[in-house]
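The values are calculated or read from the model by the stated rules, or taken from the named source; none is laboratory data. All values derive from a computational prediction rather than experimental measurement. Cβ placement follows ideal geometry from the backbone for every residue including glycine, while neighbour counts extend to all protein chains displayed. SASA here: full protein model, heavy atoms, side chains in, ligands and nucleic acids out. Shrake-Rupley method; radii C 1.70, N 1.55, O 1.52, S 1.80 Å.
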Amino acid sequence: MWQNVAHLLRGMANPEAEFAPLLNDGQRASLLAIADRIVNNGVIVADEVGMGKTRIAVFVAMAVAQSGGRSAVVIPPGLSFQWRKEFRDCGTDVLPVIRSLHGYFEAWNNPASVPWFQQSVVMISHLFSNWRFGQNPQTWRWCLLPEVYAATRRLTEGRVPRGYYDAYARDADVQRVVAAAASIADAVPAIANDTARYLLTRLLLEVRWPDPLDAQQYGGQQPLRVWFEKVVGLGLGAFDLIIVDEAHKNRRQDGSLSTVLENVILNSNVSRRLALTATPIELDVGQWESTLKRIATTTEQREPVVEATKGYAKAIRRLRLGWRTNKEVRDEYRASAAQFRELLSPYLLRRDKREDEDVLKFKEVSGLSEYDYRHLREVVVDLDELTPAWRQAVCAAEALSVVREPMMDRPTKRLRLTIGNGHGLSGVIDEAFRDKKEDKKQIKEEKEQAKDGRTAPGQDNERPGAARFIWWARVLRREFAKNPDILFDHPAILAAIKTIEEETERGEKVLVFGRFTRPMRALVSLLNARQMLKAIDQRRLWPQTKVHEDERPAVCAAHRQLSSNVDLARLDDLLAQGYRRESDQRARQRERLLTRLRTGLAGVDTNGKYVAILDAIGRQTAPETGDAEEDEHHVTLLARAIVANTDHPDAPDDADLAGAFQALVQATSDHDSSDEDELDEEQAEGAWNTLEKHLREEYTSQQGGFARLMYGETKPQTRRMIQLAFNRPNSFPRVLVAQSLVGREGLNLHESCRIVVLLHPEWNPGVVEQQIGRVDRVNSRWAKVLRQAIDSGTKGTNLPRIEIRPIIFKGTYDEHNWNVLRERWDDLRAQLHGEAVPARLRASEDAEGREILDEIAAARPNFSPRKE
């Protein structure tokens, strides 16, 4: 089979092939390299963020399907939309991701449903196996195992086990499981491989009836849990290709992703794995072993590779100490690098930004290194300018950072909270404002990282209990308790606001990464309040009718910080006056909107899907359907949203309006349900009702949207609407503040933004790479403005770059935290880019030193498929 897959991949990589316009040269080279490797083993595609790994994987899945095989795509939560879009763009439609047992059994919900094992491509969530049955679980949740057991006995022996019919009531939900079990048992001999048949045979031999009837045996560590997972896998069918997206996540053996890959997914006799990750290692070279396990390598295959990675890391450490004066260490590095590449290249492909055309143009025109297209500039918090309250808070936080003694036991060592939380001094301060409810997903993620070994050594998210820690923590909180609005004067927040406003006043958009929601909400509220006061002072329109009660503390703080001349007593009147002046413009937006949308959709909406939704809007806004003011309000919402998401809001043409309308429908639709190309009247009504619901949530609050917050509890549709608007160059939000957990993966935020502010720099360089990767992508804003600058004759350091702005408390443990991160970042680049000696050292070297650095660079291991 894999020989045929390889043949098809080589055909797809042909520049004259049918899908050639969907692939760039680097992606075509990757398909050729995968064709050479996948015949023998699985492959890790470790391209940098934003270089199109997903599309490469989709083409491999298409080749497998054309060869008669099946693919499982295992993806993190929230990425179903992007993956379905990639498949659809390549001419293939796939079902929504399986996230739960309820979704799993939907495949047997009615006679017309197609079982999972008959689908050529099945998408499965990383968290699919996180089933919690509790003390008295509903029968349908656990009864698949006894039902498959009984159905198999019926087929093989002509009878069911004793007591089967009396075991539990067969209500509608259980009947669905019964149907699924019968379907699975019937299908295994006919369509599955030897592995599936062997699994059913083992089930009957190793599981003793009536043990499967005991619901308590399916808990996390109970005897039948693994068997339940394997039987669920039978319903998915055997897979020839397993694609693992974000393969660096959840590395530990008992993690949810490992459970899905090792227990749930059933491999065919010739299965291969394709692992996608921009960060195959994050903190240490030992992670190469866990990454290689993701593609099902054997111990014998891994051992020499792991030894080579360790030897390469050792050679790098020696090289950094004596690269300029010691030829021996340079020779050792050269030999280790060659061995590292030779042993790892059968399993690893990696394209990085050194191959990107725009990066190469930047290097040529600027005269700088290829790595300098990213410009890292620290935003320093000056301790001398802090208020007395904040100075006391900093002293307390700094004390917590360094609580340690030579003979301190292990639990007490964890009192160093800046290490324990991995976010430096500002992280310690913000810890006091952690909201257990709103931050639960972020907190859970950090605990998972701790278990997974992806955080700083000694991390512990549990509260330490030593007296010294408790005393300093009490001091830290004491000042905060006096003033609930003290966050508006948070030194890191004020430093972030200063750099954000400098950039937005130059017409840039800014992406901010934070950790806990309360400090991030304070940042968003303060940014909006400051912009509102500036707009009123400058007699500019601000899209808000009044100041809401929860906004007043931020407005008061902004008024004080700006020394604003705006009369707060008249603020509501001033806002209302401006909003009334906009009413004429809103009326013009509504006028003939539906007609203009129809004109713009002509020739684009070939199947009539969007026109059907317009018909539904027209029926709801017709005079006889209801109150005229309410009907008008429907169209007002739509007009406001469309104009806000056009590239030319002042004078959009019909095509621009239609494009924004299509994007809004796509962003707010339920991407976990079937995506119909054609809609009947009822479906069109449902699509419009869904769109209207989200328009009401986003466009009726009448609060300024200069800055927006995206955190763990933000709905998927809201995330997509924010992403849509943020990628528009002229629309709000100008600033997106994203919780690290939510914003660092799966979101494309690059179309109108090239600036990233790190409110809490991480300990893990892999996480920072993911964060920066939101704006450092193919066809980014940076690439567009770079081309414009080059065309206009700009050269050298004046060329635009991707800007990275970490907020740092200089002279505190924060600075140490940042230095550690940079060292780890250097180690990461050495392993993934071959940058053994940091490129930033070139600037201070003479000609002889730069020549040696060039020799070292020439020896670096390169895993690019374009070099083969």
*Among N779, S792, L758, whose Cα lies farthest out toward the positive end of the dipole of the range 726-806, if unit charges sit on the beta carbon of Lys, Arg (+1) and Asp, Glu (-1)?*
S792
*Based on the Cα gyration tensor of the range 754-805, what are the three equivalent ellipsoid semi-axes, each the root of five times an eigenvalue, rounded to whole Å and given largest first?*
26, 12, 7
*HN-Hα J couplings of the range 165-172 from phi, Karplus 6.51/-1.76/1.60, θ = phi - 60°, integer Hz, Gly and Pro as x?*
5, 9, 5, 7, 5, 9, 7, 4
*Selection from M1, N14, L32 lying farthest towards where the dipole of the range 1-154 points positive, charges on Cβ*: M1
*Cross-link table K249/K353; K314/K795; K498/K810; K534/K795; K498/K693; K327/K353, entries beyond 27 Å C-alpha to C-alpha*: K314/K795; K534/K795; K498/K693; K327/K353
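Just to verify a number: FRET efficiency for L541 and N819, C-beta to C-beta distance, R0 = 56 Å, to 0.05?
Values: r = 46 Å, r/R0 = 0.81.
Efficiency, rounded to the nearest 0.05: 0.75.
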_Calculated SAXS-style log₁₀ I(q)/I(0) at q = 0.10, 0.17, 0.23 Å⁻¹ - the range 709-824, Debye, Cα scatterers_ = -0.36, -0.92, -1.28
*Let me know the whole percent of all Cα-Cα pairs from the range 96-226 that are separated by more than 23 Å.*
33 percent
*asked:* In Å and on Cα atoms, what radius of gyration and Dmax does the range 765-868 show?
replied: 16.7, 48
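In whole percent, and with a 1.4 Å probe on the protein chains, what portion of the accessible area of the range 125-258 is carbon and sulfur? Provide the component values of the computation, followed by the final result.
Values: 2800 of 5910 Å².
About 47 percent, which is the carbon plus sulfur part of the accessible surface.
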*Using the eigenvalues of the Cα gyration tensor, what equivalent ellipsoid semi-axes result for the range 206-262 when each is taken as the square root of five times the eigenvalue, whole Å, largest first?*
26, 15, 7
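Which entries in the list K715/K784; K609/K715; K85/K715 go over 22 Å, if you measure between the two C-alpha atoms of each? Spell out each step's value before the answer.
Working: K715/K784 31 Å; K609/K715 25 Å; K85/K715 19 Å.
Result: K715/K784; K609/K715 exceed 22 Å.
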_Dimensionless Rg over Rh [the range 134-198; C-alpha; Kirkwood]_ = 1.00
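Report the Stokes-Einstein translational diffusion coefficient (µm² s⁻¹, integer) for the range 507-546, Rh taken as the Kirkwood radius over Cα pairs, at 4 °C with viscosity 1.567 mPa s. Display every interim value, and only then the final one.
Numbers: Rh = 11.8 Å.
Here the translational diffusion coefficient equals 110 µm²/s.
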_Compactness of the range 298-338 - radius of gyration and Dmax, Cα, Å_ = 12.0, 41
*Once both labels are modelled 7 Å past Cα along the beta-carbon direction, what's the T797-D173 spacing in nm?*
6.5 nm
*Largest-first principal axis extents, alpha carbons of the range 5-143, Å*: 58, 34, 29
*Counting only heavy atoms of the protein chains, get the accessible area per residue of the range 730-836 (1.4 Å probe) and round it to a whole Å² value.*
28 Å²
_Once the convex hull of the alpha carbons of the range 219-358 is built, what does its volume come to per residue, in cubic angstrom?_
155 Å³
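What FRET efficiency do you get for D194 and E682 if R0 is 41 Å and r is their Cβ-Cβ distance, rounded to the nearest 0.05? Spell out each step's value before the answer.
Details: r = 46 Å, r/R0 = 1.13.
In this case the efficiency is close to 0.30.
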